[in-house]
Structures are given as C-alpha cells and as structure tokens.
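Note sheet for the following structure.
The values are calculated or read from the model by the stated rules, or taken from the named source; none is laboratory data. Just so it is clear, the model here is predicted, and its values are computed rather than measured. Glycine gets a Cβ as well: all are built from the backbone with ideal geometry, and neighbour counts include every protein chain shown. To get the accessible areas, we keep the full protein, side chains included, count just its heavy atoms, and leave off ligands, DNA and RNA. Shrake-Rupley method; radii C 1.70, N 1.55, O 1.52, S 1.80 Å.
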4 protein chains.
Amino acid sequence: MRRPVVAVVGSSGSVHAKIEAAAEELGGRIIEAGFRLLCGGRDGVMEAACRGAREAPSWREGDVIGVLPGYDRGQANEWVDVVIPTGLGLARNVVVVASADVVVALAGGSGTLSEIALAWQLGRPVIGIDLELGEVGGWAERLVGARIDHRRGGAISRARTPAQAVELAEALVEGGRKARR
Amino acid sequence: MRRPVVAVVGSSGSVHAKIEAAAEELGGRIIEAGFRLLCGGRDGVMEAACRGAREAPSWREGDVIGVLPGYDRGQANEWVDVVIPTGLGLARNVVVVASADVVVALAGGSGTLSEIALAWQLGRPVIGIDLELGEVGGWAERLVGARIDHRRGGAISRARTPAQAVELAEALVEGGRKARR
Amino acid sequence: MRRPVVAVVGSSGSVHAKIEAAAEELGGRIIEAGFRLLCGGRDGVMEAACRGAREAPSWREGDVIGVLPGYDRGQANEWVDVVIPTGLGLARNVVVVASADVVVALAGGSGTLSEIALAWQLGRPVIGIDLELGEVGGWAERLVGARIDHRRGGAISRARTPAQAVELAEALVEGGRKARR
Amino acid sequence: MRRPVVAVVGSSGSVHAKIEAAAEELGGRIIEAGFRLLCGGRDGVMEAACRGAREAPSWREGDVIGVLPGYDRGQANEWVDVVIPTGLGLARNVVVVASADVVVALAGGSGTLSEIALAWQLGRPVIGIDLELGEVGGWAERLVGARIDHRRGGAISRARTPAQAVELAEALVEGGRKARR
C-alpha cells in the first residue's frame, strides 16, 4: 500500500501571520498522520507547510515534495526534500493536484483558485480551511461548502482548523479505499 | 499588426438553449469585429461559438482555432478550422488562455473556472457574460465584477449580451495597444 | 475537409546560408501546395520557413502558426500570423508535432531531435531534408532513412530538395486519407 | 544538501533478458550510492530499475519516483513509492529529465530518444549504457560518445556496465557541485 499524498495549495508571497501559523501546523499534522506532503514548492503557504512538515517528529527525508513551475531546482524553498522542476509554467498546477489523493487549500489567490477547480475536474477531494479571516481568507475560505459544478457530487469540505483538515483527509482517503474494493 | 485573438471559454456538454444561442451570437460577433476565435475545440459553448463564427459573413477559413486536450484531431467539433491537438489533458486549459488577447466566459463549470483563474494569473483580461440565469449561468455569471486577487487591478468585466462582450473586447485590445506604445 | 498542416522543425539561431535558403523555399512550397505551416515560431529554420510562406503568392493571413515555449507573443518571429504562446517550455515541442499531419525536418540540434522522436512516437510521418551538408546538416540529415524504433513501420523519409519534401508530404497526406476511408 | 536524483530512461514493454538484468542492477546501485531513482513509472527498463531499487539493502520508502503520462496512479509499476500522475501525455518526458541531476539511458526507442534529446537541451548530463547488443541496444547504445549538438560541450558518456554508470553519475554530480561553488 503506497503512502497517500496530501497536496497543500494556498497563497504564495508574504502571508498573514494566522495563515502562516495554520500552514505550518497543517504541514506537521500531515506528516504525523502518515501522509506525504506535496505542493508547488515555493514561498508563502507552501513554504510554511513544508517547514512544518520538516519539523514534525515523524518526518523522514523524502516526505516533502515540491513541483516547480520552472527548470531551476534553486527555486524550491529550503524545506523541500524532493524537487520536481517541470518547466511547465502554470501547467504545473495540474501536476500538483493530479499527484494528490486529497487537496487541502488555505487562503489563496488566482493560482489556488485554478488548483481547486482543476482538482475538482480531476475528481480529487478538496478541503478548504476556513479561519474566518474574511477577504484575507482567500479562495479556500470563499469556496468552502460550494459545489463547483454538477459533474460530481459533494462540495468543497470545510475544516475549521488544520487538525480538522487532516482528520477529514484521513476519512476521505479511507473512504476512497473502501470505494475501490 | 497581427489580428487579435478572443478565447471563448464555457460549459461543455449539453447547454441551456439561451446559453447556446448566446454562444452562437458571440462567435459570429467575434469574427465580424475582426478577431480570430480560439477555444478548447469541443462541444457545448465551444461548439456553438465555433458554429456562429463559421456562419458569420466575414468568416474566412482559418479564423476558428480549437486547442484539444487529446492527440486525436477527430475530437474537434466540425466548425473548427485549425486544430491544435496537445495531448496535455487539462493542461491544455493554460494554452487556451495564454493564446488569447481577451478571454470571454459564458456559463461554465470547473473547467471554465480554472480557465478564468489561469487567465487572471497570466494577466489576460477576462469578460464574463451575465445572462442573469442564476445557477445555470455558471462561473462566468458568478464571477462578473469580482476581483480574483490582488496581483493585478480591475475585475472580471460584466457584459450583459454577446454584443456588449465584443465591444468590451475591442476596447480592451485597443487599451492594451495604447499601453504598450 | 480541413486543410492539412505541415510542421517545420529545424535549427534555431543563425543557420548556414544553404539551410536558410532551403527553409525559405520549403515555407513557400508548403503554402503553394495548400497546406498550413506550423512551427515553433522562433528564429533560424523556423523564421526562414515562415518568411517563405508569407511571401508565397497563395499566402493568406492565418496560414502561418507559431507555437511558442513562453507566454510572450513578442517572442514570435514577424512572419507568424497566429501565435500560440504556451508557457510550457520544452514541452511545447510535443504540441508542435502533435498539431502536424506531416513533419518536415531540416538540419537541427537537440530540439529538432526531440521533435523527430516525439513525432515518431505519435505516429506522425516525418520527412528529413538531406542537403548532403555533412555535420552542418544536423539531425534531419543524420536520420533520413532511419527507423527510429519498431513500434511502427517505415522510416524517416528522405527528400533531396524542398520541392521533393512537399511532394512527399502531399503523398503522405493523401495516403493517410485513403487509409482512414 | 538534497539527495541527488538519477533518472533512468529506456525501453518500455518487454525487453531482452540482458537489458532487464542490467536495469535491475542499475536500480540497485543507484540506491546504494545514495541517489534517489526517478523514471517514467511504467514497464520494461523502468520497472526492472524500480524493482532493483526496491530490493537494494539501503532502499527506504520514498526513494523510487514514477512520473506517469496519465492521471491514473494505477498505471505505475508496483515498485514505485511516489507516483506523480501528470496527465501530460508525452510531455511528461520533459518532467522526467528536468527532475534529474543525471540521466542514465539503457536501450530504448523513440521515447528514450526524445528524453536523451530533451535532457541534452536542458543541460542535464546523460550517460548511455553500452552492452554491445547491437540493434537491441537501442538509442542508448547508438548515441554513446555522440555530441548531440553544439549548444554545450561534451558528449553522451559511455558506461560499459551499470556499476560504471553509477560511478560516472557520482563523478558528474560531484563535478556539478564544485562548478556551482
């Protein structure tokens, strides 16, 4: 049985302190729950989640994967163990969500919005973390509870905390396994 | 001076009669205004827009471009003049919006949402057609007037009709030219 | 019946005078034979072929398509009518050959070699122009007559001149049509 | 310091017993030398190399990465630890070589040829294993010692055995590190 992968998508650049703290906690809990963490490998939410993962007691080298838009490995944040430089530009967003068993979104602008939409289209479950930050909460907060379209059932799952997001991810992966049996 | 390109993004599959009529009118007006029309090359809004373009009095062979997710040219609807099979899967959505001077969205589910988000991220102007159809109006209607994130100014432009969408597209292209001078 | 597309692949950058002249003649003959010309949109063989196409008596606006590796339309040479910026980096090489009914190679380094290999893998017929220039003749010359692998029959077709390449392309497209009937 | 990645490219499908044995030995030696192994995740040389890696004494879960052309994780061979489904079709070949510090080629048809060419274009060092099998030896054997083009110095390095290939990979990675200092 392969270890399932949680992709973390969210704001790049400098982020609100509460978002950064949540991303870091999220990264740590993902590793502690036995998942591998995959993201776009850059700064902001991605970097905080990778740092949290790296500092988790259960972290082992190889648990943190960064899928970059360019060809230069040096663009990855320092907490990424496995760098996948693609040179694909924005099309790397597809690779990020396609590689995930579950996608967790935290805050986020247009890049995150594209990843939520692409994940939905690919049938990957999406969890949004809703910290009730209003506009700062970005697309993750804005879309929790929403049904993106009718090609599949369900909606973007709402998690109030990183802990709840990881619990939901575990339930979704377990549910997926049962459905495939 | 190259002819500017308008990308049409919107619902695939079977669509509401009002949306189909609007897509067909939109395609015709895009050609009559001197633009080239580019889209994902499949059915639904894409096919109706291509048909409208093909039936426009000013249409010339080569004006209608379809960028496909697969490798099989046969997947293109019959109104596409130039088929670009990419084999890229969902990553072809990036190529669709990157190729556009202006993106016009009509109705649409998760695929359209990803294209609106990617167009925003690439700095391509996006116009949503708002037919006031409610839920059927999809992401184009839902996002008119919205600012996707703060990496650029402005918002998704609202057009009430295909005619207005094409007028806006002309103004945006003209504005872009002046800005580059 | 859609107009078939010939993709021209070959050396970028500055090229030998005989190669440039052949590329220009090739571009013109492709258009005169009723094909559309598609290429990577940059300099070298690509630019000379586009220029030849543009100056052909039968050229109509829209006949010359350039599929770029970046997002910036300004990277296209001035003879391209329809610019498809992909932002995909080297992965745009796949789009170039996937869009072709027939691929014609002239000289060329590693990029051209990748395109010949990808075209073969996709089942697109490949014609190499052999000007008997030795090392300068690049991969097109080096691979004429070669069978790339056993997944399909045939070999890279040899053309001694641009005129012969276009004749071969016509025969290959006609043969393909008959095979599909 | 991140662990360097060796990409293994080579024939898919059923392969000659000597090639399969060499691929398996290669996979094991890559892991024993402290590299991570990355490949296209499918059958043939890829599968044998992954199996060899998995059975190496030093193997740890996460050391074997497979980058798939489709979206379905189930397409990966059973020895892959980390599956990256891309849905990119042949464009995934670019991701395979872009992710590598060193590329090792063994036998191979058109797909392998495209990967050697793309690796060269990206400046990734390429080692070909030459088992002196003649036609069965494929493009890896055919190109050892060749200079693909003049955009960079050097040539495809020749290794006579998997052991020699891994020694060369170590020297190339060490050389790259010194060059960056």
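On the basis of the beta-carbon distance and an R0 of 30 Å, B:THR161 and B:GLU78 show a calculated FRET efficiency of 0.70.
Residues of the stretch D:60-78 whose accessible area, computed with a 1.4 Å probe over protein heavy atoms, drops by at least 40 Å² once all protein chains are present relative to their chain alone are D:GLU61, D:TYR71, D:ARG73. The accessible surface of the stretch B:29-181, taken with every protein chain in place and a 1.4 Å probe, is 46 percent carbon and sulfur.
Based on alpha-carbon atoms, the Kirkwood radius and the radius of gyration of the protein assembly as shown give Rg/Rh equal to 0.97. Each copy carries a label point for C:ARG180 at 7 Å from Cα along the beta-carbon vector; from one copy to the others these points are 3.4, 3.7, 4.8 nm apart, nearest first.
The accessible area of A:SER12, taken with all protein chains in place and a 1.4 Å probe, comes to roughly 60 Å². Between A:ARG60 and D:ARG177, what FRET efficiency comes out of the Förster formula 1/(1 + (r/R0)^6) with R0 = 22 Å and r the beta carbon distance, rounded to 0.05? E(calc), rounded to 0.05, equals 0.40. Of all chain A C-beta atoms, the nearest to the rotation axis linking A with C is recorded, alongside its rounded Å distance, as A:LEU88, 3. Our summary gives the stretch B:29-181 a relative contact order of 17 percent, counting only alpha carbon pairs under 8 angstrom and 6 or more residues apart.
Under the Kirkwood approximation applied to all pairs of distinct alpha-carbon atoms, what is the hydrodynamic radius of the stretch D:98-140 in Å? Intermediate values should be presented prior to the final figure.
On the way: mean 1/r = 0.0957 Å⁻¹.
Roughly 10.4 Å, rounded to one decimal.
Only protein heavy atoms count here; on that basis, with a 1.4 Å probe, C:LYS178 has an accessible area of about 120 Å². Comparing mean-square fluctuations of D:GLU115, D:GLU132, D:GLU32 from a GNM of chain D with C-alpha springs under 10 Å, the top value falls on D:GLU132.
How large is the charge dipole for the protein assembly as shown, taken about the Cα centre, if only the Cβ atoms of Lys, Arg (+1) and Asp, Glu (-1) carry charge, to the nearest 20 debye? Can you show the working numbers first?
Details: 88 positive and 88 negative charges, 0 e Å.
Using only the charged Cβ atoms, the result is roughly 0 debye.
Within the stretch C:140-169, the residues that become at least 10 Å² less accessible when every protein chain is included than when their own chain is isolated (1.4 Å probe; DNA, RNA and ligands ignored) are C:ARG142, C:LEU143, C:ALA146, C:ARG147, C:ILE148, C:ASP149, C:HIS150, C:ARG151.
For the stretch A:136-181, the fraction of alpha-carbon pairs lying more than 14 Å apart is 62 percent, rounded to a whole number. In terms of overall dimensions, the C-alpha atoms belonging to chain A reach 40, 40, 31 Å along their principal axes, ordered largest to smallest. Heavy atoms of the protein chains alone define the surface here; on that basis chain D has 35 Å² accessible area per residue at 1.4 Å probe size.
Helix-derived [θ] at 222 nm for the protein assembly as shown: sum -39500 (n - 2.57) over DSSP H runs of at least 4, divide by residue count, nearest 500?
Numbers: 24 runs with 280 residues, N = 724.
Here the helix-only value at 222 nm equals -12000 deg cm²/dmol.
Every Cα-Cα pair of the stretch A:60-141 was included, and the share exceeding 23 Å stands at 27 percent.
Each of C:GLU32 and C:GLU135 was given a label point 7 Å from its Cα along the Cα-to-Cβ line. The distance between the two points is 3.5 nm. The relative contact order of the stretch B:40-126, computed from alpha carbon pairs under 8 Å that lie at least 6 residues apart in sequence, is 24 percent.
Let me know the shape class of the stretch B:1-91, please: from the alpha-carbon gyration tensor, a ≥ b ≥ c as square roots of the eigenvalues, rounded when a/c is under 1.5, otherwise prolate if a/b is greater than b/c, or oblate.
oblate
Chain B against chain C buries an accessible area of about 2400 Å², both chains summed, 1.4 Å probe radius.
As a size descriptor, the averaged projected area of the C-alpha convex hull of the stretch B:16-55 was calculated at 2.4 nm². Beta bridges assigned by DSSP with both partners in chain A are antiparallel in approximately 0 percent of cases.
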